[in-house]
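S.K.: I am attaching a structure below and will ask some questions about it afterwards.
Readers should treat all values here as calculations from the given coordinates under stated rules, not as data from a laboratory. This is a predicted model, so every value here is computed, not measured. Don't worry about glycine lacking a Cβ; one is built from the backbone with ideal geometry, like all the others, and counts go over all protein chains shown.
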């Protein structure tokens, strides 16, 4: 195929679009790959569509290689299946809802677990039918509060989503592993670096889950990794839990006056004299900070919870949000924020700056069984036997030597504090460093959540009904195009990896001579006949500067200039990525280009 | 590629789905091509998706052959562009509307004229950029009042829509002609008979327009054609207009008593004695019937109009609906119905059963300038000089010899009466016969309607701004799959044309012997290696009857049975369409099948 710039529907832009924050957005618009249609909603122009189709083709091939079969679900779906799993409610504002002319409720599907589950239930009934993996490449919709960064966080976007169906956990493990390997091959073929990181399941439910993050500074996801190979997103990092401490000989806790110590710093300073530690000075890590948070439930109601953490650690609201679901009365999308003054006024027992769990048995304040009745969760470092300086629930007073598990209890343990560079990886593989990334893919062991809610069962080998266990696996297809652009550009424009470039070679006729255009045409024709996709800049009255500028902006990996060198029998072949150029005899040019294209394939 | 029935996500059904009215719907569901997700909304299973992708590929190739370039627009679009052309209002209930979390209005696009116009405006500015044709293959949405017949009238469906942009009318003619030819090639390659028929532009606006109808009894569209080659849908048929008649010597009209003659039949009978025609008996065609209709405007208001037609012709409300737009104060989707008793009560001057235009100059009743002020439109047969028997606007009285153009006038002429078999084709090509069809494609010369509304102009060769002229061209892609199934089936199942079949050949292992399965595998592998897509029924414990039944239901064009004949060295090759079978030596089978596949290609 030859794409002629004289007729190609393309106009490169000199100016960056006003709303473009990141390079991929800026360059994909300027180079004529996409146009914005509405916030977070984009139109694909011919070059963009060419890249998109190549990405899709690689995904299809790798899905086929693990035996996954392609289907295609509607994007417009009735409410009922999503009601059965409670996601109609759980999604809150983040999905597009609409009504048809008969007042029926519909949504634009953000993901299709329910529909796949129901389809398999509809057609299959025996363990012999399994394992099964199905997938689709399809438009998805999310009503993002802040669509941003072009294709990176859109409201209409393309995902490849697959779903596996197995009769038992071993089968799910195998399906999950097959998808994981396929994903690694897909990203490798695309030329997109990814780090598989442990993740929390979030609103999807299920147990094991990994994200494939593309490391980049503009990524919205923070993750941590160790030199020894551990990687997890921040929400999923687990704390190295200390061993419990024998407290049989621990002295009784005592309440002391600590006037004007409403903060950890003031408390630590005062404690050195009020209750000095003979072994070493007190630090923030010796104090137990009790933070009141307001959880906005999917119903719109607010619930206050208290989180107890070592005083030297900040509470990470995103980690709380990811992990608090198990302790709440209702599943779904929640919001977490610090409790407001107004929230605190509803709790007269809370003395601000001096809040503590209280002293059991008589004076327990926090916890569902305490006087406040407030849910009380603690950081994993609060193990039985640890001793704490914490608030005594009276202005200007703290309690010293309060022993966890003896003097106070809690409703649950939650991963909730900030992860710091230098913290130990939970698998002992060394200290953690933090990085940012874009989520390119996500694989979940859903388990039986959806199959149970929608009653997907099959007969097992003994004729007994068993609930199917499922996995769900997604790749952001349009996002992959953006991530590829983000990580493959320089100050002059895009630099596509060969596997996804809109053309294999960009032939530029530079100058005015008829023989130049004739040779450019001939070469393009020869390269096309040898199976390459050729972009041919055959615009008659465009200056060499504009043509080269466009070629660098568009980013086809190999650029051939047919120009004045022709008089001495040479063409100039340029490698877009390295910038290196070589003068090649006209007669060798086609071979040279074909070799360059195949070398990277 | 080998599709193995042992693992293919497929379950054929013995029972017809309860809601299936037509064969294509019944068979596509039973043979495992599609499943219903909601009314008018379908899921594509692997076999259906394979057929769909083949149809899309043929369309892409033919679009490329006329230089049309592929792009892809969002389905979810903001209101504003559709407001600029008034279609946000005009579409009424027939589109899906929704709001985003910021209360912004959006729609699921039923067609994309506005977006394409704006995109070209965004990128192009000179006549040198034109002509241009762009297309997409994309999900469209219409909130049909009565989704029916499976894929034939859905609410989420795939269309190929293209748009041409030209600087002048000659350019539009050329772009229109190129699309017309491409469409004929597409339908020919698909193996789908179509008749191009003249059509009305309807809500799209514009002038010239043709539909490509696939003739079938279950079609929703009625069209007419003549032996001489005229074809039009019923809405677009034009009447053969008689020449005006000299009325300089016509006697004055006279009002006569015609008691108890509120219908055409009673009037004709009475007229033979009240005012006998010396030359021949009166017929209904001599009377002018004035029918009061209520037009429901897009605003929801009702407007009464009166249509004057020869008394022997019924008013065809669909023809009125298609053609009345030009006479209404507002464009958009309208409804037409007979005026109700209540509507008529609002018009005290109307005497039911005796309504006429009145006698000019003093007594004109109908028409915007008449006493009623009601819009008055007449059938094209009401030419100046024709003489009519019609109501005198008094109970029991009619007027005789009322001369059109002398005694009464009208606000406009409208194609509005039923078209009858035997009516003359307007181009003189003979009498019309009626037929039914499914609309497979529609091509429009939009002209400048959208370009004007959205200000798409380019500089012409003289540096002057000119408004671009556009065409719009659609093919129902999912509907094509249904139409192909509808016209290619027998009592045993589907019979796909080769160009769109989900596989080239269906190899069935019949029996239990290991050597049978081994030979089926070997043959499938050989056929695959020679470039064919092979369906292989390798299910180990399924009876021959079930396997053959499934093969006939699924409808792959060539079926090879590997069974007991193997002992004597032969396989049975069956042509699904003709039903003919042939025993072929094992060694020749692959050649034989490849020849059969290529022969039809």
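S.K.: Given Cα pairs under 8 Å that are at least 6 residues apart, what percent is the relative contact order of segment B:503-599?
M.R.: Relative contact order, segment B:503-599: 31 percent.
S.K.: Output, in nm with one decimal and in ascending order, the distances from the residue A:352 label point to the matching label points of the other copies (7 Å from Cα along Cα-to-Cβ).
M.R.: From this label point to the equivalent ones elsewhere in the assembly: 7.8 nm.
S.K.: Compute the distance from the alpha-carbon center of segment B:342-368 to that of segment B:267-322, in whole Å.
M.R.: What the calculation gives is 13 Å, centre to centre.
S.K.: Now, a different point. What is the distance in Å between the Cα centroid of segment B:552-575 and that of segment B:126-150?
M.R.: Rounded to whole Å, the Cα centres lie 43 Å apart.
S.K.: Here is a further query. Which angle from 0 to 90°, rounded to the nearest 10, does the C-alpha axis of helix A:514-529 make with the longest principal axis of chain A?
M.R.: For A:514-529 against chain A, the angle is about 60 degrees.
S.K.: Now, a different point. Semi-axes of the equivalent ellipsoid for segment A:154-232, please: Cα gyration tensor eigenvalues, times 5, square-rooted, ordered largest first, whole Å.
M.R.: Equivalent ellipsoid of segment A:154-232: 22, 17, 15 Å, largest first.
S.K.: Now for a different question. If you take the beta carbon distance between residue A:592 and residue A:260 as r and set R0 to 60 Å, what does 1/(1 + (r/R0)^6) give as a FRET efficiency, to the nearest 0.05?
M.R.: 0.15
S.K.: With runs of 4+ DSSP H residues as the only contributors, calculate the mean residue ellipticity of the protein assembly as shown at 222 nm using -39,500 (n - 2.57) per run, divided by the residue total and rounded to the nearest 500.
M.R.: -7500 deg cm²/dmol
S.K.: Could you calculate the contour length gain from residue A:86 to residue A:188, that is, 0.36 nm times the residue separation minus the distance between their Cα atoms, to one decimal place in nm?
M.R.: 33.0 nm
S.K.: Please give the contour-minus-distance gain from residue A:578 to residue A:97: 0.36 nm per residue of separation, less the Cα-Cα distance, rounded to one decimal in nm.
M.R.: Contour length minus the Cα-Cα distance gives 168.3 nm.
S.K.: How high is the relative contact order of chain B, in percent, counting Cα pairs under 8 Å that sit 6 or more residues apart?
M.R.: Rounded, it is 18 percent for chain B.
S.K.: Along its three principal axes, how long is segment A:503-600 when you only count alpha carbons? Whole Å, largest extent first please.
M.R.: Here the spans come out as 33, 28, 22 Å, largest first.
S.K.: Turning to a different aspect of this structure: Every other copy gets compared here: list the nm distances from the residue B:103 label point (7 Å along Cα to Cβ) to its counterparts, shortest first, one decimal.
M.R.: The projected label point of residue B:103 is separated from its counterparts by 2.3 nm.
S.K.: Quick check: Cα centre of segment B:192-263 to Cα centre of segment B:374-404, how many Å?
M.R.: 20
S.K.: First measure r as the distance between the Cβ atoms of residue B:122 and residue B:330, then evaluate 1/(1 + (r/R0)^6) with R0 = 35 Å and state the FRET efficiency to the nearest 0.05.
M.R.: It comes to 0.75.
S.K.: Same structure, new question: Which residues does a label at residue A:217 reach in segment A:178-197, if reach means a backbone N under 20 Å from a point 7 Å past the Cα toward the Cβ?
M.R.: Answer for segment A:178-197: A:193-195.
S.K.: Applying 1/(1 + (r/R0)^6) with R0 = 60 Å to the Cβ-Cβ distance of residue A:2 and residue B:436, what FRET efficiency is obtained, to the nearest 0.05?
M.R.: 0.85
S.K.: Further question on the same structure: Pairing the Cα long axis of helix A:113-123 with the longest principal axis of chain A, what angle in degrees results, from 0 to 90 and rounded to the nearest 10?
M.R.: 80
S.K.: Distance from a point 7 Å along Cα→Cβ of residue B:146 to each backbone N in segment B:1-28: keep the residues under 20 Å and list them by number.
M.R.: Correct set: B:18-26.
S.K.: Let me ask something else about it. Write down the percent of antiparallel bridges among all DSSP beta bridges whose residues are both part of the protein assembly as shown, to the nearest 5.
M.R.: 80
S.K.: So what's the angle, to the nearest 10 degrees on a 0 to 90 scale, between helix A:586-600 and the longest Cα principal axis of chain A?
M.R.: 20
S.K.: Would you tell me which residue of chain B has the beta carbon closest to the rotation axis bringing chain B onto chain A, and how many whole Å away it is?
M.R.: Closest to the rotation axis on chain B: B:98, 2.
S.K.: In a solvent-free Debye calculation with one equal scatterer on each Cα, what is log10 I(q)/I(0) for segment A:446-524 at q = 0.14, 0.26 Å⁻¹, listed in the order of the q values?
M.R.: With one equal scatterer per Cα and no solvent, log10 I(q)/I(0) is -0.73, -1.15.
S.K.: Taking only C-alpha pairs under 8 Å that are 6+ residues apart, what is the relative contact order of segment A:424-494 in percent?
M.R.: 28
S.K.: Residue A:125 label points, 7 Å along Cα→Cβ, one per copy: pairwise distances from this copy to the rest in nm, shortest first?
M.R.: Result, one decimal in nm: 6.7.
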